[in-house]
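Working notes for the structure below.
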Amino acid sequence: MIALPAPKAEILARREEIVAALSALVPGDGVIAEGIRLKPYETDGLAAYRQMPLAVVLPSSTEQVAAVLRYCHEQGIRVVPRGAGTSLSGGALPLADAVVVGLMRLNAIHEVNYADRYAVVGAGVTNIGITKAVEAEGFFYAPDPSSQLACMIGGNVMMNSGGAHCLKYGVTANNLLGVKFVTIEGEVLDIGGTYLDAAGYDWLGLITGSEGQLGIVTEVTVRILRSAEGARAMLAAFNSIEIAGAAVDAIIGSGIIPVALEFMDKPCIHACEAFAHAGYPLDAEALLIIEVEGSIAEQDALLARIKDICARFDPISLKVAETAEQSLAIWKGRKGAFGAVGRISPDYLCMDGTIPTSELPRVLRRIGEMSDQYELKVANVFHAGDGNLHPLIMFDANDADSFRRAETFGADILKLCVEVGGCLTGEHGVGVEKRDLMTVQFQPHELAQQRAIKSAFDPAWLLNPAKVFPLEGALSPALAAE
Amino acid sequence: MSTVIAPADEAGIIAAVQAARAAREPLAIEGQGSKRGLLRPVQAARSLSTRGLTGVTLYRPSELIISARAGTPLAEIEATLAEKGQHLIAESPYLNGVFGTSAPPSIGGVVAANLSGPRRITWGATRDHVMGLRFINGAGEVIRSGGRVLKNVTGLDLCKLLSGSYGTLGVITEVTLKVLPAPEASATLLIETPDLTSAVAALSAGLGSPYGVSAAAALPVKDHVIAAVRLEDFAASVAYRMEKLRGVLGNFGAQRVMEDGESRAFWRAVREVEPLQAVADEAIWRVSVRPSAGPEVAAAAMALGGRVMLDWGGGLVWVAAGPSSENHTAITASARMQGGAAMLFRAPESLRLAVPVLPEEAAPLAKIGARVKEALDPGGLFNPGHMRAA
């Protein structure tokens, strides 16, 4: 288990006073302090970690967020920002002496401008909610994390979320124009705007993916894009991971950038097929889902090229969707991958490393060996175009030893990702989950540099404590003081 | 002219930074010097150049990744990529014409200034494709951020912070960029429109179409305005989409299509701001604004006797006008009034010293910015006064 810092006794002792003060700042039903109603906030998408917070506050405006942060700053109270609570890295895990600031009530769509192709939305609008608001005009918001039905744009900004389609459209950072940003001192700053690349330090780029370490985002201006005329997928199944990897290289090498290029290994194919009956070949060692965009004729031309390329790699099967319905069926298994694994195992850890794509065969072989060593099953899904690997480690949370082995197995996979030239996290964030592995990727002085930048925004280290940066080593002022 | 130190390797850069730190002497940081004249002049007895750090250090076409030392000429990177049918996504400009220099721009300088060309509107800026950096901070330490993979959210994104920081936060020694296959074909639709407002409306209709427009510019010519939209893809796709696009934009004015060579030359000129035809003694401003407000900013500049061209669908307004502080005040005010931000891009040194060359920041942000600068460059060694007056 990953250690959390001891709560400040002095803050715990003042709980009633703090709740009363927050209730004055966010009147009505905006403060939650009773046990049973606090319960939903004790964890997030990393459900193995639970901790009840001091209180939860649900502001309805940027001004209320600013007032809450100003108060917490004055009183030295730790703050944990929260969107929908879907973080898979424990990014929204509370601390006993922390106030959770939930942003779900900032759920208004303030402005949509089709001529200039942007939308201004509250941090609590769901990812899919943005696309829903603009799809009637043929537009969409591009980044599409698997949790897009639930996750909120404020959380997407804080974690720099990706998705299956970022090979073509980029991640959250590439699709933002501006944010309304509240500092721990309660100052409200407009960062960026409705335009591109004004000169000056790229605060927007630094804030994106900062995991709540620098401030709270209450409003987001995103780019919206016109959807392509259509999209269609194909399946290609291969006899080995190496061959599938070579096929991916050949597709990219041909000059085609598919809008999505997804890879599944055999355990994942089996889990998904049992769940979704998508028609995946069960004798395959590796499966690719390849999606292209354009008119029907363009789709036909691109899929024919890709089919020719795949045919050179002795495929077990090639299936090109003839219709949008067949395309959906191909995607159905992949989109249900996490649920499918949840069906065959009581619990799983969803890991998230990135590797150079050429290292895939070696990495999957090593993961297979580790699976034997730790006596835990693993299924792998992989955004093959961009090297982002999601091993799903199956374990039983009621068995403490099983959980311990799963965590160690996961850590070993991420160390392997770094060893082969990749990184600890491609899109889920460091959170609490990978915090103690940061020393695998960064030298102590590099972490000290990042900490110093964090201190420039949050000198007392009140924002989302115990995440991202290891507790040991060059400690934050706030933690060192204890 | 200050003394230029140009070490042949990263260790030499570190040694120079440590020496400057010990002597408490600031350094002017530069690459090849192709954009000398951008921003405020740095008051430093010595310049530290990365021009000796050259060469591609890693290129994996199938992983869409290239790494190069900071001083590597942009042209060398482009040539290396072209051998494998790939290109730099943001279509970075050279700007030798704008700055009257002959030195080849370095890749480190392109990143340090976050300069992007016409393709930025659809495919992202230079900073969007910086996957990894090595830089030397003010303590003389090597700091790495990002890596050599396409998706990476591990720790704070210092790649973005350093991109566009003009050498004020650290000395970039190596960059890793995402690249893409170069398109097989390029074609451009030119539409003769009556004025800037109609031209930008045409660009907006093009960018809002499902045909993947990869550049959109508006160029005033005599008594009308040329709206230009580009398609880049496989040849069959470009041909198909051009027909569709001509239909969608049929009502905006007379049309002409430019194919490959002519299309590429046209956008190279737009990238280099050539259509502005700024003469040597004029100043150049660069205004970022929401595209539909571009014509308003342009009109305000033309009222001052300035000339304009618009890129990025209308959202990037280039202005050439007399180098006076009155013009600067008027242009920055009109940008602000339209919710945008203006930068003085080229001007005589006297004007660059007299006015804020960059958009001003709110006081609380400036305070945080000063602390971030202190965190990276505690001795204030790098490019003092370059972005803003001390």
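Here A:Asp249 does not fit the description of being among the charged types (D, E, K, R), surrounded by fewer than 24 Cβ atoms within 10 Å (Cβ to Cβ) and away from chain B (no Cβ under 14 Å). The set of residues in the range B:29-66 that are outside any loop (DSSP other than H, G, I, E, B), surrounded by fewer than 22 Cβ atoms within 10 Å (Cβ to Cβ) and either within 14 Å of another protein chain (Cβ to nearest Cβ) or not polar (S, T, N, Q) (or both) comprises B:Arg46, B:Val56, B:Thr57, B:Leu58, B:Tyr59, B:Arg60, B:Pro61, B:Ser62.
From the list A:Leu424, A:Leu416, the lone residue that is surrounded by fewer than 24 Cβ atoms within 10 Å (Cβ to Cβ) and touching a helix residue (DSSP H, G or I) at 6+ places or on another chain (Cβ under 9 Å) is A:Leu416. Picking from residues in the range A:201-223 that are acidic (Asp, Glu) and part of a loop (DSSP other than H, G, I, E, B), the one that is nearest to A:Val99 (Cα to Cα) is A:Glu211.
Kindly establish whether A:Ile306 is open to solvent by 60 Å² or more (accessible area, probe 1.4 Å) and within 14 Å of another protein chain (Cβ to nearest Cβ). Considered against the rule, which asks whether it is open to solvent by 60 Å² or more (accessible area, probe 1.4 Å) and within 14 Å of another protein chain (Cβ to nearest Cβ), A:Ile306 comes out as no. Restricted to the range A:138-154, and to residues that are within 17 Å of A:Leu88 (Cα to Cα) and touching a residue at least 60 places away in the same chain (Cβ under 8 Å), which residue is farthest from the other protein chains (Cβ to nearest Cβ)? That would be A:Ala150. Within the range A:252-272, the set of residues being open to solvent by 30 Å² or more (accessible area, probe 1.4 Å) and in a helix (DSSP H, G or I) comprises A:Gly253, A:Lys266, A:Pro267, A:His270. Of all residues in the range B:353-375, those satisfying the criterion of being surrounded by 17 or more Cβ atoms within 10 Å (Cβ to Cβ) and at the interface with another protein chain (Cβ under 7 Å from one of its Cβ atoms) are B:Leu358, B:Pro359, B:Glu361, B:Leu365, B:Ile368, B:Gly369, B:Val372, B:Ala375. Residue pairs whose Cβ atoms lie under 6 Å apart, sitting 6 or more positions apart in sequence or on different chains, and linking a residue in the range A:389-405 that is crowded, with 21+ Cβ neighbours inside 10 Å to a partner that is charged (D, E, K, R), are A:His390/A:Asp352; A:Met394/A:Lys377; A:Phe395/A:Asp347. Considering only residues in the range B:212-224 that are open to solvent by 20 Å² or more (accessible area, probe 1.4 Å) and either within 14 Å of chain A (Cβ to nearest Cβ) or touching a Lys or Arg at 6+ places or on another chain (Cβ under 8 Å) (or both), the one that is farthest from B:Gly253 (Cα to Cα) turns out to be B:Gly212. Taking A:Ile36, is it open to solvent by 20 Å² or more (accessible area, probe 1.4 Å) and either without any contact (Cβ under 8 Å) to a residue 24 or more places away in the chain or touching a Phe, Trp or Tyr at 6+ places or on another chain (Cβ under 7 Å) (or both)? Here the answer is yes, as A:Ile36 does meet what is asked.
Conditions (1) assigned to a helix (DSSP H, G or I); (2) among the small types (Gly, Ala, Ser); (3) within 8 Å of chain B (Cβ to nearest Cβ), marked per residue:
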{"residue": "A:Ala397", "(1), (2), (3)": "no, yes, no"}
{"residue": "A:Arg405", "(1), (2), (3)": "yes, no, no"}
{"residue": "A:Thr408", "(1), (2), (3)": "yes, no, no"}
{"residue": "A:Ala411", "(1), (2), (3)": "yes, yes, no"}
{"residue": "A:Leu416", "(1), (2), (3)": "yes, no, no"}
{"residue": "A:Thr425", "(1), (2), (3)": "no, no, yes"}
{"residue": "A:Val430", "(1), (2), (3)": "no, no, yes"}
{"residue": "A:Glu433", "(1), (2), (3)": "no, no, no"}
{"residue": "A:Met438", "(1), (2), (3)": "yes, no, yes"}
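Pairing each residue of the range B:180-207 that is facing chain A (nearest Cβ under 9 Å) and within 30 Å of A:Asp386 (Cα to Cα) with any residue that is surrounded by fewer than 22 Cβ atoms within 10 Å (Cβ to Cβ) and at pLDDT below 95, provided the two are 6+ apart or on different chains, yields C-beta distances under 6 Å for B:Pro181/A:Gly255.
Name the single residue, out of those in the range A:111-126 being within 14 Å of chain B (Cβ to nearest Cβ) and not hydroxyl-bearing (Ser, Thr, Tyr), that is farthest from A:Lys39 (Cα to Cα). If you could, list the steps in order and put the result at the bottom.
Residues of the range A:111-126 that are within 14 Å of chain B (Cβ to nearest Cβ), as a first pass: A:111-120.
Now drop any that are not not hydroxyl-bearing (Ser, Thr, Tyr), which leaves A:111-113, A:115-117, A:119-120.
Numbers: A:Glu111: 34, A:Val112: 36, A:Asn113: 39, A:Ala115: 44, A:Asp116: 43, A:Arg117: 40, A:Ala119: 34, A:Val120: 32 Å.
This residue is A:Ala115.
If you filter the range A:225-241 down to residues that are within 14 Å of chain B (Cβ to nearest Cβ) and more than 26 Å from the chain's Cα centre (by Cα), you find that the one that is surrounded by the most Cβ atoms within 10 Å (Cβ to Cβ) is A:Glu229.
Here A:Asp314 fulfils each of the conditions (1) farther than 28 Å from B:Lys151 by Cα; (2) surrounded by 18 or more Cβ atoms within 10 Å (Cβ to Cβ) apart from (2). Annotation note: of A:Gln443, A:Gln373, the sole residue that is modelled with pLDDT of 95 or more, farther than 15 Å from B:Asn152 by Cβ and within 10 Å of another protein chain (Cβ to nearest Cβ) is A:Gln443. Among the residues of the range B:113-155, none is identified as in contact with a Lys or Arg (Cβ under 7 Å, 6 or more places away or on another chain), within 7 Å of chain A (Cβ to nearest Cβ) and open to solvent by less than 10 Å² (accessible area, probe 1.4 Å).
The single residue among A:Leu93, A:Leu106, A:Leu54 that is under 15 Å from A:Lys467 (Cα atoms) and in contact with a strand residue (DSSP E or B) (Cβ under 9 Å, 6 or more places away or on another chain) turns out to be A:Leu93.
Selection of the range A:278-302 for residues being open to solvent by 10 Å² or more (accessible area, probe 1.4 Å), away from every other protein chain (no Cβ under 14 Å) and either closer than 19 Å to A:Tyr169 by Cβ or not in a loop (DSSP other than H, G, I, E, B) (or both) yields only A:Glu291. Kindly establish whether B:Val175 is at the interface with another protein chain (Cβ under 7 Å from one of its Cβ atoms), among the β-branched types (Val, Ile, Thr) and buried (at least 24 other Cβ atoms within 10 Å of the Cβ). Taking the combined requirement at face value, the residue does not satisfy it. Checking the range A:339-357 against the condition returns no match, with no residue being away from every other protein chain (no Cβ under 14 Å), without any contact (Cβ under 8 Å) to a residue 40 or more places away in the chain and more than 22 Å from the chain's Cα centre (by Cα).
The values are calculated or read from the model by the stated rules, or taken from the named source; none is laboratory data. Note that the structure is a prediction, hence the values are computed from the model and not measured. Using ideal geometry, Cβ is built from the backbone for each residue, glycine included, and neighbour counts are taken over all protein chains shown. To get the accessible areas, we keep the full protein, side chains included, count just its heavy atoms, and leave off ligands, DNA and RNA. Shrake-Rupley method; radii C 1.70, N 1.55, O 1.52, S 1.80 Å.
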